[in-house]
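This report concerns only the one structure given below.
What follows is calculated from the coordinates using simple rules that are stated; it is not laboratory data. Values in this document were obtained by computation on a predicted structure and should not be read as measured data. Cβ sites come from the backbone with ideal geometry, for glycine too, and all protein chains shown count toward neighbours.
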DNA sequence: TCAATCACG
DNA sequence: ACGTACGTGATTGAC
């Protein structure tokens, strides 16, 4: 039921009259079940003369690659919607004949004269692709539009957007399929109820386009939206469909090894603790560390609910007692086992034998992608034990190899571009090792006199600048103490003076406008930049510094991905993963040189910066060896 | 559902 | 004198 009507029932009618009008109040929505093939043909014939039509699919699963199609809904005007039942399984339910109906729908969905509008249309693309149906052209995605308008907004669901933009409460899906253990699938929903639900989805998707498209235009987001984010949808859909092969047999072996190691470490831990306890429980662990063993505490947890036992604390305590080191080992091993070694094989799709992550395009505040189910953007690489897990990611068969391409120092190059700092630009133009150059500048020694310790400090400082440097933060991350960190930063800005100017002017822009932008005009609002609370304001300032840099890097790789996808059309090789500054390709051996060239050029020429953009390429029989 | 922890760029 | 790195997602325990 519509929200204003709900209110009308509980407040006096004269007050209800004062509520703002919405179209649905004036004109009740008409949602129609399409109950025969001839009706479908008639409808699609009428819709084929429209400029744009909203499309939505109803299925049996949130996972588009496992989902079976249950119905399709369409809308070509506010307050109207149509539902085409295809796979309802309830007793006495009437579906359209599947093959014939799909043939008609395919003709319409692939009719290039009609722009298709969707909400999270990547999902519908993947579902329909399973039935050999494309959606083209994709003219608008309401979820993606909402994200581009405000990437900090937590929700872009249709329910949320209908409430926000139309003050309308959508019918909850829970009302149809239930929740928890009693949850059913959409195919068991009676057709009449399905129509009310599904047609409403298409209706409000259509209406939202009318609201959001002008906003996209008004905020100068046209190019970002129509030439970057919207075309990326199909690229991501193809990557998700392709998936990556995982060697489950190898991981099973790793799991056995890990179990053995864990048992050994656990035994040693219980020995010292004088009895068994749950090492995973920070409360129980803190009890053992700080009461039984009387080790000194190193501060509270973030929310101050207890004493911290994180890696930094345990590393410090490791100098005093053998126990903390064992806990560190336990933590590392159990993390790898539960999060990766045992979890990933469960997500192998039995049909394809591969893992198909979901790349989310509407999550991050900066414009980056995120990856879930499983997250393939945080596969271990930093420790030796972790690297063994990377080896499990392999080419699809013996005719393929993995090709990895990653941007070299892309965020620092973007900083050089934005700040136009002469020293930073000079270093990149000469192809110098940027961290050695920084160490040489700050410590005042020749590059060949830079010792590893100096380079390490310089490297940390270079990252710190991108994050919005503070002396305290640098001292926590490096071997420098607070005073040394202060001095290091002072000297750093003496050597790279334009960086400080750039940081100041970025913060000033944020204070004046309430937002910052990337090179592609992606916008992130930072209202806290003028907050009266010092901490809140400083956090906002670091965000203001970091977002244009991280966000521009995200823009760049998205441009490259679209170009690469176009250039690789019809080839056997597939782009399969993106990890922020890295792309992974499952490459047919016969196409290796061609793919290499396409990828290098697309990535390096995605954006013209004032410094060279450099890409490192590697090839191997698994993800680790290819890097 | 939140907090703590830790995996990645 | 403030209290601090930027951006994510998954697992586990505790309530």
Revision key, fill the gap. All alpha-carbon distances of the range A:168-327, grouped into 5 Å bins from 0, give the whole-percent distribution 1, 6, 9, 8, 7, 7, 8, 8, 10, 11, 10, 8, 4, 1, 0
Check your understanding: Using alpha-carbon positions, what is the distance between the centroids of the range A:397-446 and the range A:562-627, in Å?
Key -> 19
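Rounded, prolate or oblate for the range A:407-563? Axes are the square roots of the Cα gyration tensor eigenvalues, ordered a ≥ b ≥ c, and the cut-off for rounded is a/c under 1.5. All intermediate terms of the calculation are to be shown ahead of the outcome.
Values: a/c = 2.11, a/b = 1.27, b/c = 1.67.
It is oblate, given that a/c is not under 1.5 and a/b is not larger than b/c.
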Check your understanding: Angle between the Cα long axis of helix A:323-336 and the longest principal axis of chain A, 0 to 90 degrees, nearest 10?
Key -> 30
Review point. Dividing the Cα convex hull volume of the range A:370-413 by residue count, how many Å³ per residue is that?
Key: 118
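Take the Cα gyration tensor of the range A:89-172, multiply each eigenvalue by 5, square-root it, and list the three semi-axes largest first, rounded to whole angstrom.
Working: eigenvalues 161, 72, 23 Å².
One finds semi-axes of 28, 19, 11 Å for the range A:89-172.
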Revision key, fill the gap. All alpha-carbon distances of the range A:187-264, grouped into 10 Å bins from 0, give the whole-percent distribution 13, 18, 21, 19, 16, 12, 1
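What's the whole-number percent of alpha carbon pairs in the range A:349-471 lying beyond 24 angstrom?
Tail of the P(r) past 24 Å holds 51 percent of the pairs.
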Point to revise | Cα radius of gyration and Dmax for chain A (Å) | key: 27.9, 84
Review point. Tell me, what is the Rg over Rh of the range A:183-223, with Rh the Kirkwood radius over Cα pairs?
Key: 1.29
Revision key, fill the gap. Rg/Rh over Cα atoms for the range A:144-227, Kirkwood Rh, comes to 1.07
Practice item. Determine, for A:110, A:494, the number of other Cβ atoms within 10 Å of each Cβ, and report the residues in order from fewest to most. Key: A:494, A:110
Check your understanding: Regarding the range A:472-597, what is the average projected area of its C-alpha convex hull, in nm²?
Key -> 11.2
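Take the Cα pairs of the range A:257-390, get the Kirkwood Rh, then feed it into Stokes-Einstein at 37 °C and 0.692 mPa s and tell me D in µm²/s.
D = 191 µm²/s.
Using only the alpha carbon atoms of the range A:551-596, find the Kirkwood hydrodynamic radius as the inverse mean reciprocal pair distance, in angstroms to one decimal.
Taking every pair of different Cα atoms in the range A:551-596, averaging 1/r and inverting gives 11.1 Å.
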Check your understanding: Relative contact order for the range A:428-551: what is it in percent, counting Cα pairs under 8 Å that are at least 6 residues apart?
Key -> 19
Practice item. Express the Stokes-Einstein translational diffusion coefficient of the range A:13-172 in µm² s⁻¹, to the nearest whole number, given a Kirkwood radius over alpha-carbon pairs, 37 °C and a viscosity of 0.692 mPa s. Key: 192
Check your understanding: Relative contact order, percent, of the range A:337-489 when contacts are C-alpha pairs under 8 Å separated by at least 6 residues?
Key -> 10
Check your understanding: Once the Cα gyration tensor of the range A:143-193 is found, what semi-axes does its equivalent ellipsoid get, as square roots of 5 times the eigenvalues, in whole Å, sorted largest first?
Key -> 27, 13, 10
Review point. Which value does Rg/Rh take for the range A:55-133 over its C-alpha atoms, Rh per Kirkwood?
Key: 0.95
Exercise for review: With an 8 Å cut-off on Cα pairs and a minimum separation of 6 or more residues, tell me the relative contact order of chain A in percent.
Suggested key: 13
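Normalized C-alpha radius of gyration of the range A:338-416, against 2.2 N^0.38 Å?
1.31
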Point to revise | Calculated [θ] (222 nm, deg cm²/dmol) that DSSP helices of n ≥ 4 give over chain A, each run adding -39,500 (n - 2.57) | key: -15000 deg cm²/dmol
Practice item. Taking chain A as the reference, fit the longest principal axis to its C-alpha atoms, fit the long axis of helix A:230-242 to the helix C-alpha atoms, and give the angle between the two in degrees, 0 to 90, nearest 10. Key: 80
Review point. At a Förster radius of 25 Å, what calculated FRET efficiency corresponds to the Cβ-Cβ distance of residue A:482 and residue A:534, to the nearest 0.05?
Key: 0.85
Review point. Any idea what angle helix A:497-513 forms with the longest principal axis of chain A, computed on alpha-carbon atoms, 0 to 90 degrees, nearest 10?
Key: 30
**Study point:** Radius of gyration and maximum dimension Dmax of the range A:557-627, Cα, Å
**Key:** 11.9, 36
Check your understanding: Stretch residue A:252-residue A:512 to full length: gain in nm at 0.36 nm per residue minus the Cα-Cα span?
Key -> 88.0 nm
Check your understanding: So, how do all the Cα-to-Cα distances of the range A:455-513 break down into 5 Å bins, in percent, from 0 on up?
Key -> 4, 19, 29, 23, 13, 8, 3, 1
Study note, to complete from the structure: Assertion target for A:354, A:154, A:413, ordered by fewest C-beta neighbours within 10 angstrom first, is A:154, A:354, A:413
Check your understanding: Extension gain residue A:312-residue A:593, at 0.36 nm per residue separation less the Cα-Cα distance, in nm?
Key -> 96.6 nm
Practice item. Have a look at the DSSP beta bridges in chain A and tell me what percent are antiparallel, nearest 5. Key: 80
Exercise for review: Could you tell me what fraction of 2.2 N^0.38 Å the Cα radius of gyration of the range A:291-353 comes to, as a two-decimal ratio?
Suggested key: 1.60
